[in-house]
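> Dropping the structure in here first, questions after.
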Amino acid sequence: MRDNPRLLPPGGDGWLAWLRNYRLAWLSGDLVAGVVTAIMIIPQSMAYAMLAGLPVQIGLYASLLPLIGYALFGSSMSMSVGPVAVTALMTAALLAPMASIGSAEYLQLAIWLALMSGVLLFVLGLLRMGFLANFLSHPVISGFISGASLLILLSQLPHLLGMDRMPTTPAQLVEQWHPGSGLALAMGLLALAWLLYARTRLAAHLHSLGVNQAVAGVLARLAPILVVAVGMLLTVGFDLAEQGVPVVGSLPAGLPSLVWNTPQLETLGMLMLPAALISLVSFVESVSIAQSLARRKRQSIDPDRELLGLGTANIGAALTGGFAVCGGFSRSGVNIEAGANTPLAGVVSAAVLALILMTIAPVFASLPLVVLAVVILVAVAPLIDVAGLRRTWRYDRREGATLVATAAGVVLLGIEGGIVLGVGLSIVTQLWRGSRPHVAVVGRVPGTQYFRNTRRHLVEIEPQLLAVRIDENIFFANTRAIERAIFQALCDYPDTRHLLLILSAVNHIDSTGLDMLGELSLGLHEKGIDVHLAEVKGPVMDQLADTDWLRTLVVNVFPSTHIAFNTLSEAAPVAVASAE
């Protein structure tokens, strides 16, 4: 057995298989990765709590039990769960209409949102609904994340200027400007320059100095820790808080103590849709990250167990007074690069964070808010998928338009509006494509058993045999288009006495399609034209087996087009159709 743990296929050893099969050789990697990841996610968790409109310690609370909960049920060996930018923004956007940001009621709603999301995800996991990840296309996901990232960037600009809100006119800027604004802006620009350098050049420079490439990559990702430390030292050393630079303020020591306040049933009802939205988005994002990490280690994941793991993680976040969580790409990247072999690394990270909360947490009270804003800016900016948009637009402009529309919808209409718009456009696009099916008249490639489109290839055709290949499922949106294409082919070949429908690309025929085929076959029968089928897939044949159309109007069902041509061809000379 190799040292790298390999996840068993779905339905194998089940949950905690990694623990039952644990090997001592993996322990050192898990311990190191757990400590390194814990240090890295401290500034991120605090920053994302600020983004969610919550006290910064809530981000640390939301990084404790979720790591342990995911380790119990999750299927990825390397993914690290916790607060991320998208769920933080969604929490703020979905709850802002219901309570004042920063209020006790707002915190309780955030906790209940995480709890309801966790319960929903866990129930979906029990019902084996992992296939739901397929309902959001890549353009919709990319557009949503890009639009959300733009909103996040805009939301952090006031913190970069040391202000409570973003001025919209020069007069407002002058009115709100104070001595601390200049200091905050200078500190933010310096921190931004350092983090950009660390993201783009630091790893390569460290490697050129002889540092191991993997170690250099981890050190570069830990750059925010240095920014946090320097920011706190400058604040304390030069008394920047007294000069107007906004800081975190009081930060309680110790583990969280949850105080439950159950909202009214009407309020819980209002949380149902936000919980469903945040569950769907967090699940899709987490599965995408888990699949990417699994491919790097030649492992596999189980979407149903991902639902269970994320559900438990969100329930754990609620139990520690946190907000909704999911898998994070940057924290997972650090986790795997630092040597994580199993989810034990996440358990170690949770233990390290708990130790920090019980000991040195109050030290972070002097951390400037502009530093957290810069951490968010650098982490979120790469999520705006310009390269993906360019690539998608070149390949398929309709999907590119869906990506752009989803991003614009998130910015202009909000989280719910953007998601609904993106999903709606994806469905409309698929229906539009399906309503314009490719229907080809085919003939035999001379001297072979292959059949190709008469408009694209030089092929042989039988004068009284018309072979039509339907390259799409037959359903309500395209029945008329298919019928028109067949009638046009019959007009082009007026000597037809046998119509052969090749259904090799058809996976489903709905009732509207069946009615169309029945009416078509009946009309052709009255004109002395027999209808035959070829290459019908098993599930489609099972569905058609008891239909009147197959029993009374279809003359033959052939296993292959080659056999159909040999059987139905007559002694008349073979014609040749030239390619156009």
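> Could you please find all residues in region 170-210 being among the polar types (S, T, N, Q) and modelled with pLDDT under 90?
Of everything in region 170-210, those that are among the polar types (S, T, N, Q) and modelled with pLDDT under 90 turn out to be GLN172, GLN176, SER181.
> With region 102-221 as the region, which helices (runs of 4 or more DSSP H) entirely inside it contain at least 2 residues that are out of contact with any strand residue (DSSP E or B) (no Cβ under 7 Å at 6 or more places or on another chain), closer than 25 Å to MET270 by Cα and in the same structural domain as LEU60 (by TED's automatic domain parsing)?
Answer list for region 102-221: 104-126, 138-160.
> In region 473-519, which residues are surrounded by fewer than 18 Cβ atoms within 10 Å (Cβ to Cβ), assigned to a loop (DSSP other than H, G, I, E, B) and over 43 Å from the mean Cα position of the chain (by Cα)?
Answer for region 473-519, where residues must be surrounded by fewer than 18 Cβ atoms within 10 Å (Cβ to Cβ), assigned to a loop (DSSP other than H, G, I, E, B) and over 43 Å from the mean Cα position of the chain (by Cα): PRO494, ASP495, ARG497.
> Exactly one condition in (1) touching a Leu at 6+ places or on another chain (Cβ under 6 Å); (2) modelled with pLDDT of 85 or more; (3) not aliphatic (A, V, I, L, M) is not met by SER300; state its number.
(2)
> Within region 260-275, restricting attention to residues that are surrounded by 15 or more Cβ atoms within 10 Å (Cβ to Cβ) and under 19 Å from the mean Cα position of the chain (by Cα), which residue is nearest to LEU94 (Cα to Cα)?
PRO274
> Kindly list, by first and then second residue, each pair from a residue in region 138-166 that is charged (D, E, K, R) to a residue that is in a helix (DSSP H, G or I), limited to pairs with Cβ atoms under 7 Å and residues at least 6 apart or on different chains.
Close Cβ pairs (under 7 Å, with a partner that is in a helix (DSSP H, G or I)) amount to ASP164/PRO158; ARG165/PRO158.
The values are calculated or read from the model by the stated rules, or taken from the named source; none is laboratory data. None of these values were measured; they are calculated from a predicted model. Cβ coordinates were reconstructed from backbone atoms using ideal geometry, including for glycine residues, and neighbour counts include every protein chain displayed.
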